[in-house]
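> Mind having a look at this structure? Questions to follow.
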Amino acid sequence: MNDVKVFSALVQKRTEGVQDYIFQCLQDNIPVIPEEKYIYKASFATEDSLVMTIDMKIEDGLLAFNSNQILDLPAGTYRLELWEMVDDVIHAIYPSNRDMKFRVLSNSLDLPTGKVSSLTLDEFKKEFDDIAKRVSTGQVDAPRFKAGKVESVSPDQPATVEMLTNEDGSVTINYRIPRGKDGKTWKPYIAADGYWHIKEDKGEDA
């Protein structure tokens, strides 16, 4: 029986083209050395249809393809097969007696406009730090942020942030902040130092 040894996790973030996927073909558990007289292809299929085939290259007796060859593959889980072909006819299929799964994960570009993402405060800080870094290096334009609503939740609930992307490209930020056990509520604001702070919410404007 034909099988495959895989040297990297068969997972990719959609549109990320930096990963090499390397395979060793086996026949009855004995390594098979790819031959230049054959054409090798990787095929991606759903339960219903064949979605894509791409060319593979031979490297040091192994087969490989790169993630930049499947940038347009939609997010989902696919059955991956390696085909050994002669004159456009399949000569051998690896693996032959099991399904090999390849997962394509969605990225934030796949979110529709207006999608709300919920973050913990630590995740919120990490995302802002990442945005600031990309803005400072010219990778992205600086986004416009708008103050949203602040909601108090019970003391046993985590503090979270919601980021709502608007049609004009701006981002509205809503907060859920747990009440103190003494009943006090809190409100985030940007101080003169340019940093986010939290103060007791007494009803006055920030």
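> Condition (residue is farther than 17 Å from P95 by Cβ, at pLDDT below 90 and either small (G, A, S) or crowded, with 16+ Cβ neighbours inside 10 Å (or both)) applied to the stretch 54-69: is it met by at least one residue?
no
> Which ones in the stretch 1-49 are more than 25 Å from the chain's Cα centre (by Cα), of a type in the set (S, T, N, Q) and surrounded by 11 or more Cβ atoms within 10 Å (Cβ to Cβ)?
N2, Q24, Q27
> Next question. Right, A9: under 18 Å from M100 (Cα atoms) and out of contact with any Ser or Thr (no Cβ under 8 Å at 6 or more places or on another chain) or not?
Yes: the conditions hold for A9.
> When you scan the stretch 71-111 for strands (runs of 3 or more DSSP E) that lie fully inside it, which ones turn up with 3 or more residues that are more than 19 Å from S49 (Cα to Cα)?
Details: elements: 76-86, 89-94, 100-105.
By residue number, 76-86.
The values are calculated or read from the model by the stated rules, or taken from the named source; none is laboratory data. Being a predicted model, the structure only gives us computed values, none of them experimental. We place every Cβ from the backbone using ideal geometry, glycine too, and count neighbours over all the protein chains shown.
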